[in-house]
Structure formats: structure tokens, C-alpha cells
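Report on one structure; see the data block that follows.
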Amino acid sequence: MSRRIYVNGAVWLLLLTAALWLPLIGGYMALASRVLVYALAAMGLNLLLGFTGCMSFGEAAYFGLGGYGTGLFLTHLTHSTVLAVIAGTIVGGLAAFLFGPLVMRRRGIYFAMITVAIGQIFYFIAERWNSFTGGEDGLAGFSRQPLHLGFAIVPLDAVAFYYFVLFFFAIGAGVIALLLHSPLGHTFIAIRENRRRAQFLGIHVERYVWASFAIAGVIAGLAGALNALQNNFISPINLYWVESGNLVIMAVLGGMRSFWGPLVGAIIFVGIQDYVSSYFPNNWETFIGGLFIVAVIFFPNGILGIVRRRMKAA
Amino acid sequence: MSLLRLTNISRVFGKLVALQNVELEMEEGRLYAVIGPNGAGKTTLFNLISGFFPATSGEIWFDGRQINRVPAANRVALGLVRTFQITEVFPELSVFENVRIGVEAEARCSTRPWPGRALIRQINQRVEELLETTGLSAQAGRIVSELAHGDQRVVEVTMALSRRPKLLLLDEPTAGMGQEETAHMVRLIRDLHVRQQQSILFIEHDMDLVFGIADRITVLNYGKVLATGTPRDVAADPLVQAAYLGEASA
């Protein structure tokens with residue numbers, strides 16, 4: 001119990017002070033924002049994957065939709081960055097909510113397949129609908145606008161944007177944490193542990209899978225919205241199944257059973273992507289793939305799984 | 001009025017007739033056993049009652065309602081809660097957490113994303129009460145998969161009790177247990193029956209156990225009811241002796 005407080009305190013302290021220490025170890029703020037964006041999406045996915053036990057391979061759909069929602073909102077409707085984030089979150093969440101009934105009855109590999117299929121539908125729509133989404137060139141021409149805080153106008157430069165992302169990351173992570181300690185979260189975990197037992201305790205398993213899917217979609221939409229603002233750009237690639245796979249890799253690499261696992265996974269993934277791709281621009285993914293194989297074989301509970309085991313043994 | 005009534009129940013799997021024209025009636029507060037050799041259709045009977053799959057024909061009445069088409073999860077809310085022959089628990093959670101899932105479902109708050117303190121206190125209190133009833137208090141914090149087999153089965157029974165069943169269905173509650181564990185489970189079943197007037201329908205293999213505690217017994221063989229009655233009547237029934245008891249004592 002008390003250890004959890006220390007761990008959480010340390011994580012938040014490190015995230016809050018990133019602007020101070022990150023440059024010292026050769027990082028830069030845009031990289032940190034990227035990590036947070038993907039960590040948030042992977043944590044949302046992990047609610048489904050690690051805590052409800054549903055193998056979703058289509059989270060990029062809601063991540064990408066969040067991005068398109070935000071981009072289109074800024075292009076056509078408003079100059080408020082915050083409203084655009086909210087709009088993207090709603091778009092991603094609503095899509096997941098509406099597609100939930102299609103996926104909630106599927107299990108295992110069938111769940112993975114249908115979630116991929118739905119994701120690919122959105123990918124092809126975004127790729128083909130040139131006049132609205134910019135087609136395969138992606139949607140550009142919008143940019144994050146300064147924040148109007150009432151007493152000041154804050155331009156979102158790299159450092160300010162990091163804290164902007166951290167603010168929403170904190171909300172998303174806080175919601176997930178509260179959820180996992182609530183009856184609803186307990187029920188999700190029960191479904192992961194044993195669907196049959198849950199059903200015969202009177203739990204309507206499918207409705208809860210739907211709820212988990214929708215909540216993961218909201219979080220993915222939020223992360224996708226922030227991603228669009230980070231790049232001032234969104235392209236169909238963000239909807240593609242490879243992006244879904246990346247999120248799964250982050251969750252598994254860091255540890256599916258751990259709350260902070262996806263954050264650790266995102267740090268490793270984005271870190272390798274950034275560092276290795278400057279030396280091997282065309283095959284940095286080989287490193288990720290290799291690491292993923294090693295992880296699945298030797299530490300199936302992810303990096304935090306090892307840490308936890310060590311701490312237990314000590 | 002009877003609590004549970006099966007009229008002319010049959011279940012067919014392809015060409016296999018697993019149950020044929022089974023009649024069963026049970027009053028509230030009874031401890032009722034279904035026995036029979038392997039493959040007699042005992043677990044199939046439980047699966048029909050609990051809604052695991054539907055009956056091919058016949059009617060299932062529970063607490064004054066015909067429940068043939070009621071989904072499994074809803075039957076639990078009606079008061080029909082079962083355990084499984086092969087223990088079904090939440091293996092990686094603690095004993096406390098296992099029971100809490102059921103308590104939260106019973107409190108109809110499983111959908112609550114942020115419960116109040118009063119609700120949490122109430123839930124925890126009820127979990128502790130249940131653990132006390134089944135003698136698991138000392139093990140509350142342990143991960144269920146690390147418990148002995150017998151204790152895991154007790155956890156499953158405790159979870160079932162968390163839904164305050166009107167009728168508790170126990171599928172071979174002592175399966176795979178040693179002598180001591182069996183004695184503990186039998187004591188638990190009898191306690192629930194005597195002290196809390198819990199209605200219990202259970203499947204059992206162990207003959208001595210059944211004759212020792214059941215009010216009434218139904219004997220199944222090849223999917224048909226061979227005999228129904230008090231333990232004494234059933235034991236004296238020549239058909240039963242031929243089909244089952246003879247075999248068991250051989």
C-alpha cells in the first residue's frame with residue numbers, strides 16, 4: 001500500500017519536472033510529449049487488454065478518429081485548442097461506443113479480428129475521402145492555438161505543450177486509476193480472470209466489455225486529439241492497424257498487468273523509435289520487434305512484471 | 001409452493017439423449033441431492049437449471065416463474081446460483097477480492113465507477129461477514145490460486161453465497177478433496193442448511209455423504225430418473241441397488 005504511494009509519487013514527480021531533467025540526458029520536450037500521448041493511448045487500451053482481458057487490435061481507429069476530430073474541428077469550427085481536444089475525445093469515444101455492440105460478443109482471436117476490421121474501415125475512409133480528410137496526404141493546415149486562460153494568453157511552445165499534454169494525461173490516468181479501484185473496475189478484472197464465473201455471479205459480461213471498450217475509446221480519442229495537436233497534422237497512418245499494433249506492443253512490453261506498464265512501454269518504444277531511427281531510419285522497427293519477441297518469451301508480464309517479481313523476492 | 005420444479009425435462013445433444021423426461025420438485029429450505037453414475041446426466045441437469053444451455057423440451061419453474069428463456073446472468077438475480085464441478089474462481093485475485101465481486105453484484109453497484117465511502121464500507125463489511133460464515137477470514141488476503149484445492153472450492157461456495165441465493169446449486173462440492181477437506185465441506189453445507197435454512201440442491205458422488213445429510217435424493221441413470229425419495233427409501237429401492245449401489249460397493 002505505502003509502496004504504491006511512493007511509486008505514484010515518484011512517477012508524477014518525474015513527469016512534472018521533466019522540463020528540468022530531460023535536456024540533461026539528451027532528451028527534448030517534444031519527445032516527452034510524444035511519450036505521454038502514446039502512453040495515454042496505451043493505458044486506455046490496457047484497460048481493455050490487461051484489465052478486462054480483451055485482445056483489441058484496433059485501438060488506432062479511435063486514436064486516429066480523435067486526431068481527425070480535433071484537426072477538422074480546428075480547421076472548420078473553432079480556434080479553441082481545448083474545445084478541439086474535447087471534440088476529438090468525443091469523436092473517438094462515440095465511435096467506440098457505437099461499435100461496442102459489434103465487438104462485445106466476440107472472444108479471443110475473434111475479438112482481435114473484428115477490432116482490426118473496424119479499424120481498417122476508418123483507415124480506408126480517411127485515405128479515400130480527399131475533400132474532407134485530405135486523403136492519403138493527411139490533414140494539415142490546422143495548428144494548435146495559444147491558450148486563453150483569462151489572465152494570460154499562453155502560446156503552446158514545446159515546453160508549454162508538454163504541460164498541456166501532461167494535464168490531460170493526468171486526467172486520463174486519474175480516471176483509469178479511479179475506475180480500477182471501483183466496483184466497475186473490479187468487475188472488468190473479474191471478467192478477465194474468469195468470464196464463466198462472472199456470468200454465473202449474475203454479471204452481464206457483454207455489457208461490461210462494451211463499457212470497457214467505450215472507455216478505452218474515449219481515452220484513445222483524447223490521446224489521438226493530443227497527437228494531432230503535437231504534430232499539427234494527422235494522417236491515415238494514425239488509423240492503420242500497425243498503429244494499433246504499436247499500442248499493443250507498448251502495453252505488453254511495459255507490463256499489461258501493471259497500471260504504469262504502458263507508460264514504461266511507451267518510453268521504451270518512443271525512445272527506441274527516436275534514437276535508433278536516427279542511425280537506422282529504415283529498419284528501427286527491427287529493434288522493437290526483437291525486443292518484443294524477447295519480452296514475450298522471457299518476461300511475459302513486461303518490464304514492470306520483472307521489477308515486481310524482484311521486489312517480491314527481496 | 002415448490003421452489004424448483006422441473007416438468008418433463010429432456011435434453012438432446014445430436015443423437016445423445018442426455019436427459020429424458022426428468023421430473024424433479026423441491027421445496028424451500030430443503031437439502032436435496034442428485035446422485036447417479038458417471039454420464040447419468042447430473043451436470044447436464046445443473047446446466048439446464050442454471051441456464052448454461054436451454055432444455056430441448058420441458059419446463060423449468062423457479063420460485064413461481066417459468067424460467068426456460070431467462071438468461072443465465074438473470075437467473076442469478078432471481079436467486080439461482082451455482083458452483084461448478086471444476087472449480088471456477090478468479091484465480092489471480094485474493095480471496096477477499098473474489099467474494100467482493102459477488103457482493104458488489106448483489107448490491108447492484110457493479111456499474112459504479114466511483115462509489116461513496118459508505119457503500120465501500122458496507123461492501124467490505126458484507127465480504128467479511130461471508131468469509132466469517134465459511135471460515136475463510138484468516139485467508140482473506142491470499143491469492144486464490146495459491147490456496148489448497150479444498151479451500152478454493154470453499155471460496156467458490158462463498159462467492160455463490162454472496163448473491164444470497166434462494167437456491168444454492170453445488171456441483172460435486174467435494175470432488176477431488178481429501179478426507180479432512182470433505183469433512184469441512186460437509187460441515188459447511190450442513191451448517192448452511194440447518195442454521196440459515198439455505199435451500200441447497202447438490203450433485204454428489206460420495207454415497208455416504210449423500211445419505212448422511214440429504215433430506216431427499218433423486219437418482220439419475222442414463223438420463224432418466226430411477227428413483228426419488230428419502231435416503232432410506234432410495235437405499236431400499238431395488239432398481240437403485242441394481243444400477244448404482246451395487247456397482248459402487250463392488
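Since every read-out is calculated from the coordinates, none of them should be taken as a lab result. The structure displayed is predicted, hence computed values, not measured ones. Reconstructed Cβ throughout: ideal geometry from the backbone, glycine too, with neighbour counts over all protein chains shown.
What list do you get for B:90, A:167, A:63 if you sort them by fewest beta carbons within 10 Å? Show your work: numbers first, answer last.
On the way: B:90 28, A:167 13, A:63 37.
Fewest-to-most ranking of B:90, A:167, A:63: A:167, B:90, A:63.
Would you kindly calculate the mean projected area, averaged across all directions, of the convex hull enclosing the Cα atoms of chain B, in square nanometres? Can you show the working numbers first?
On the way: hull surface 57.4 nm².
In nm², the orientation-averaged hull projection of chain B is 14.3.
Please say if the range A:2-313 is rounded, prolate or oblate, where rounded means a/c under 1.5 for a ≥ b ≥ c the square roots of the C-alpha gyration tensor eigenvalues, and otherwise the choice is prolate for a/b larger than b/c and oblate otherwise? Before the final figure, lay out the partial values.
Working: a/c = 1.42, a/b = 1.16, b/c = 1.23.
Rounded, since a/c falls under 1.5.
Comparing A:304, A:291, A:74, which has the greatest mean-square fluctuation in the GNM of chain A with Cα pairs linked when under 10 Å apart?
Of the options given, A:291 has the highest mean-square fluctuation.
Are there any helices in chain A, counted as whole DSSP H runs, that stretch 30 Å or more along their axis by Cα and score at least -1.0 on average by Kyte-Doolittle, and if so which?
Working: long enough: A:81-103 (33 Å, 2.14); A:108-128 (31 Å, 1.28); A:158-180 (32 Å, 2.45); A:205-231 (39 Å, 0.95).
Counting only whole DSSP H runs, the qualifying helices are A:81-103, A:108-128, A:158-180, A:205-231.
Testing the spin-label approximation: label points 7 Å from Cα along Cα→Cβ at residue A:124 and residue B:107. State their distance in nm.
4.8
Straight-line reach from residue B:224: which aspartates and glutamates have Cα under 17 Å away, leaving out those fewer than 8 places along the same chain?
Reachable aspartates and glutamates: B:23, B:25, B:59, B:204, B:237.
For chain B, find the longest principal axis of its Cα atoms and tell me its angle to the long axis of helix B:117-133, 0 to 90°, nearest 10.
That helix lies at roughly 40 degrees to the long axis.
Residues in the range A:2-43 near a label at residue A:157, defined as backbone nitrogen under 16 Å from the 7 Å Cα→Cβ point?
Residues A:19-20, A:23, A:28-31 fall inside that zone.
Compute the Cα gyration tensor for the range B:124-170, then decide on rounded, prolate or oblate, letting a ≥ b ≥ c be the square roots of its eigenvalues: rounded whenever a/c is under 1.5, prolate when a/b is larger than b/c in the other cases, and oblate in all that remain. Provide the component values of the computation, followed by the final result.
On the way: a/c = 2.39, a/b = 1.27, b/c = 1.89.
The shape class here is oblate.
In deg cm²/dmol and to the nearest 500, what is the mean residue ellipticity at 222 nm of chain B if only DSSP H runs of at least 4 residues count, each as -39500 (n - 2.57), divided by the residue total?
Numbers: 9 runs with 94 residues, N = 250.
It lands at -11000 deg cm²/dmol.
Between B:131, B:24, B:201, where does the largest GNM mean-square fluctuation fall for chain B, given springs only between Cα atoms within less than 10 Å?
B:24
Write down the percent of antiparallel bridges among all DSSP beta bridges whose residues are both part of the protein assembly as shown, to the nearest 5. Don't skip to the answer; put the middle values down first.
Values: 23 of 39 bridges.
Around 60 percent antiparallel, to the nearest 5.
If you place +1 on the Cβ of every Lys and Arg and -1 on the Cβ of every Asp and Glu, how big does the dipole about the Cα centre of the range B:87-164 come out, in debye to the nearest 20? Could you put the intermediate results ahead of the total?
Values: 10 positive and 11 negative charges, 85 e Å.
Its charge dipole is roughly 400 debye.
So what is the relative contact order of the range A:1-144, in percent, for Cα pairs below 8 Å that sit 6 or more residues apart?
Values: 114 pairs, mean separation 31.9, N = 144.
The value is 22 percent.
Can you tell me the 0 to 90 degree angle between the C-alpha axis of helix B:179-196 and the longest principal axis of chain B, rounded to 10?
That helix lies at roughly 80 degrees to the long axis.
Note the full-extension length gain between residue A:294 and residue A:113 as 0.36 nm times their separation in residues minus their Cα-Cα distance, in nm to one decimal.
On the way: separation 181, 0.36 × 181 = 65.16 nm, distance 2.45 nm.
This chain segment gains 62.7 nm when fully extended.
So how do B:215, A:157 line up by other beta-carbon neighbours within 10 Å, fewest first? Working shown, then result.
Working: B:215 15, A:157 11.
Result, fewest neighbours first: A:157, B:215.
Quick one: compute the contact order of chain B, relative version, from alpha carbon pairs under 8 angstrom and 6+ residues apart, as a percent. Let's see the in-between values first.
Values: 431 pairs, mean separation 68.2, N = 250.
It comes to 27 percent, rounded to a whole number.
Determine ³J(HN,Hα), in whole Hz, for all residues of the range B:33-39 in sequence, where each value follows from phi through the Karplus function 6.51 cos²θ - 1.76 cosθ + 1.60 and θ = phi - 60°; x replaces Gly and Pro.
These are the phi-based 3J(HN,Hα) values: 10, 10, 10, x, x, 4, x Hz.
Dipole magnitude of the protein assembly as shown about its Cα centre, charges +1 at Lys/Arg Cβ and -1 at Asp/Glu Cβ only, in debye to the nearest 20?
Details: 44 positive and 39 negative charges, 126 e Å.
Its charge dipole is roughly 600 debye.
Return an integer: the convex hull volume of the alpha-carbon atoms of the protein assembly as shown, in Å³ per residue. If you can, show how the numbers build up before the last one.
Numbers: hull volume 109.4 nm³, N = 564.
Roughly 194 Å³ of hull volume per residue.
Using only the Cα atoms of the range A:65-196, build the gyration tensor, take square roots of its eigenvalues as a ≥ b ≥ c, and label the shape rounded, prolate or oblate: rounded if a/c is under 1.5, else prolate if a/b is larger than b/c, else oblate. Please report the intermediate quantities before stating the final value.
Values: a/c = 3.05, a/b = 1.33, b/c = 2.29.
Here the range A:65-196 falls in the oblate category.
Test of understanding: in a Gaussian network model of chain A with alpha carbons linked when under 10 Å, which of A:273, A:230, A:120 would top the mean-square fluctuation ranking?
Greatest mean-square fluctuation among the candidates belongs to A:273.
Neighbour counts of other C-beta atoms within 10 Å: give me A:275, A:38 arranged from fewest to most. Don't jump to the answer; show the numbers that get you there.
Details: A:275 15, A:38 26.
Fewest-to-most Cβ neighbours within 10 Å comes out as A:275, A:38.
Straight-line reach only, C-alpha to C-alpha below 22 angstrom: list the lysines that residue B:166 could link to, leaving out same-chain residues fewer than 8 apart.
The reachable lysines, counting only those whose Cα sits under 22 Å from residue B:166, are B:42.
Express in % the proportion of alpha carbon pairs of the range A:134-272 at distances exceeding 18 Å. Spell out each step's value before the answer.
On the way: 6431 of 9591 pairs.
More than 18 Å apart: 67 percent of the Cα pairs in the range A:134-272.
Regarding the range B:87-164, what are the three Cα extents along the principal axes, ordered largest first, in Å?
Extents along the principal axes, in whole Å: 35, 21, 21.
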